[in-house]
Amino acid sequence: MVIIAVHDALLAQIGNPTPEPPPVSDKILQMVRYLTWLVLLSGVCGITFAGGRFAWEKWQGGPLDSPKMIAGGMIGGVVATSAGTIMNAVIG
């Protein structure tokens, strides 16, 4: 009984803190946005390059290695764009 009274008295004195962002969070978020654009731009460039290479290989009649590049670029793009959603689900 005494422990419960002390616990209640202690909790009554502690206020509910308001959350604040860390001091450099705006710079980190800006860097993450730039990296996201860089990843998406490199994915688009990679898929475009692989498409051109696919056309070249088809025209030359050689072995087709480009479809693997296109599939890899598309899978990488899906992972890159869903990373934010995955992190939000993991964190809370």
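The values are calculated or read from the model by the stated rules, or taken from the named source; none is laboratory data. Every value quoted in this text rests on a predicted model; they were computed, and no experiment measured them. Note: ideal-geometry Cβ built from the backbone for every residue, glycine included; neighbour counts use all protein chains shown. With ligands, DNA and RNA removed, areas are computed over all heavy atoms of the protein, side chains included. Shrake-Rupley method; radii C 1.70, N 1.55, O 1.52, S 1.80 Å.
When you scan the range 74-82, do you find a residue that is surrounded by 15 or more Cβ atoms within 10 Å (Cβ to Cβ) and over 21 Å from the mean Cα position of the chain (by Cα), even just one? No. Checked against the criterion of being open to solvent by 60 Å² or more (accessible area, probe 1.4 Å), of a type in the set (A, V, I, L, M), modelled with pLDDT of 80 or more and at negative phi, the candidates VAL32, VAL6 yield just one match: VAL32. Residue count for the range 16-69 satisfying the condition of being among the β-branched types (Val, Ile, Thr), in a helix (DSSP H, G or I) and either closer than 23 Å to GLY84 by Cα or under 19 Å from the mean Cα position of the chain (by Cα) (or both): 6.
So is LEU64 in contact with a helix residue (DSSP H, G or I) (Cβ under 9 Å, 6 or more places away or on another chain), aliphatic (A, V, I, L, M) and modelled with pLDDT under 80 or not? The answer is yes for LEU64.
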